[in-house]
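Below you'll find the structure, written out as structure tokens, and then a few comments.
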Amino acid sequence: MYSSERKSIFYVLGLYLTSTLLLIATLFGSYYIYKQDELMHFEEDALKEYSSKLLEKLFYVHENSDTRYEYPRFEEFRSAIYDIDKNLIFSTLDVNIDNLDNKLFIKDSKTYYISSVNPHYLGAAFIVIQKDTKPLNILNDLIATAIFVIIITLITSYFLVRAVLKPLRDNLRLLDNFIKETTHELNTPITTIMANIETLQSKDCDEKSMKKLQRIKSASATISNLYEDLVYILLNHQVSSQNKELNLSQILQERVSYFSFMANAKRLTLNVDIDEGVTFYADKKKIEKLIDNILSNAIKYTNKATTITIRLTPSYLLISDEGNGMSQKEIGMIFQRYKRFDKTQGGFGIGYSIIKSIVDEYYIDIDIKSELQKGTKVTLRW
């Protein structure tokens with residue numbers, strides 16, 4: 001699976017699942033609130049009925065007692081009576097109620113109902129009814145249902161996203177197959193051209209022919225570099241790295257020399273500052289490919305008659321140009337394979353994808369700073 005495909009799947013899955021989870025949470029939350037409200041109405045109806053029973057008993061005691069009476073008690077609920085000043089007269093409650101303003105409330109798994117009394121039987125102006133709260137046993141069922149729905153949604157959405165992204169996957173495979181065929185066809189002519197150029201250079205040529213030869217060499221080097229990039233993309237995960245201690249100073253000097261005729265063709269000035277004896281433990285071909293891609297991009301996308309700065313120290317490599325630069329949005333997408341921002345230049349958009357794979361393998365930190373119409377600076381730190 002391509003990295004771009006994985007990113008697309010995760011992105012679409014994230015959006016789809018987030019919206020689905022929000023919808024599930026909203027529906028289940030609304031249902032839970034509805035059931036709570038329904039339970040409260042049920043509790044209120046029961047408490048009103050208990051309140052009526054207590055009033056009947058209070059009326060009976062009030063009418064049939066002289067100086068002594070027994071306060072009514074019930075198995076279903078407990079109660080208390082308060083006078084007009086909200087002072088407690090008698091209570092069988094578990095706690096004392098300080099606030100008689102709330103008509104219906106729940107506290108410590110008990111439901112309380114408060115109502116006023118008129119006339120004031122036994123001096124009672126307020127009665128309080130207490131009963132055990134009926135538990136709302138649906139939360140666990142809701143959670144289990146939500147988990148089941150999420151799992152089903154995750155499975156179906158994954159296959160749905162893969163189906164939606166199938167055209168993208170097919171196009172990428174088609175492009176990869178095209179690259180394989182192109183690479184195979186380029187091998188022999190590139191080798192022949194480069195060999196003949198070296199042969200011609202060893203012979204005496206007039207100045208006009210030599211300039212033509214240099215242009216041919218520059219174009220051939222560009223094709224050769226593209227060919228090597230394509231080969232690297234195809235074989236990157238099939239060839240093991242031959243890591244060893246490399247003379248990075250010497251390798252960089254060789255690569256600068258290799259690309260110097262391309263720079264001369266655009267009348268570029270190469271400002272080179274290379275510390276001696278800088279070493280790095282890695283595969284030589286990969287480090288050369290890393291330098292080649294950064295340097296060739298700098299030459300390709302900079303303006304004519306400008307300066308490219310190349311600086312190597314024991315801790316970093318810096319290559320900067322004075323080209324058109326990139327926006328922050330473009331920098332954020334630069335490592336995507338086949339991503340191209342300047343359609344006027346050739347290539348497949350694989351250079352920075354190769355750079356990313358190499359710096360990740362060797363834990364090199366890459367920093368890209370760019371401004372539109374001012375240029376780009378790439379810094380590698382290790």
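Data for the structure
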| quantity | calculated |
| --- | --- |
| Condition check for SER240: within 30 Å of LEU174 (Cβ to Cβ) and in a loop (DSSP other than H, G, I, E, B) | yes |
| Lone qualifier among ALA124, ALA144 - being among the hydrophobic types (A, V, I, L, M, F, W, C) and free of Cβ contacts under 8 Å to residues at least 12 places away in the same chain | ALA144 |
| Among the residues listed as LYS110, LYS166, LYS134, the single one being among the basic types (Lys, Arg) and more than 30 Å from SER30 (Cα to Cα) | LYS166 |
| The stretch 14-54, subset in contact with a Ser or Thr (Cβ under 6 Å, 6 or more places away or on another chain) and within 21 Å of ASN102 (Cα to Cα), residue surrounded by the most Cβ atoms within 10 Å (Cβ to Cβ) | LEU54 |
| Flag if ILE89 is surrounded by 13 or more Cβ atoms within 10 Å (Cβ to Cβ), touching a Gly at 6+ places or on another chain (Cβ under 9 Å) and free of Cβ contacts under 8 Å to residues at least 40 places away in the same chain | yes |
| Among (1) farther than 30 Å from ILE150 by Cα; (2) surrounded by 13 or more Cβ atoms within 10 Å (Cβ to Cβ) - the single one ASN118 does not satisfy | (2) |
| Residue in the stretch 76-98 that is modelled with pLDDT under 90 and in contact with a Lys or Arg (Cβ under 6 Å, 6 or more places away or on another chain) present | no |
| Search result, residues across the stretch 121-153 that are among the aliphatic types (A, V, I, L, M), loosely packed, with under 14 Cβ neighbours inside 10 Å and modelled with pLDDT under 80 | LEU136, LEU139 |
| All strands (runs of 3 or more DSSP E) inside the stretch 251-358 with 2 or more residues being within 17 Å of LYS377 (Cβ to Cβ) and either of a type in the set (S, T, N, Q) or out of contact with any Asp or Glu (no Cβ under 7 Å at 6 or more places or on another chain) (or both) | 269-274, 307-312, 316-320 |
| Strands (runs of 3 or more DSSP E) within the stretch 67-183 that include 3 or more residues within 59 Å of the chain's Cα centre (by Cα) | 104-107, 110-116, 126-132 |
| Number of the exception - GLY325 against (1) small (Gly, Ala, Ser); (2) within 21 Å of LEU226 (Cβ to Cβ); (3) touching a Lys or Arg at 6+ places or on another chain (Cβ under 9 Å) | (2) |
| Test: THR302 is crowded, with 19+ Cβ neighbours inside 10 Å, among the hydroxyl-bearing types (Ser, Thr, Tyr), in contact (Cβ under 8 Å) with a residue 12 or more places away in the chain and not assigned by TED's automatic domain parsing to the domain that holds THR222 | yes |
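The values are calculated or read from the model by the stated rules, or taken from the named source; none is laboratory data. As the structure is a prediction and not an experimental result, all values here were calculated from the model. Cβ sites come from the backbone with ideal geometry, for glycine too, and all protein chains shown count toward neighbours.
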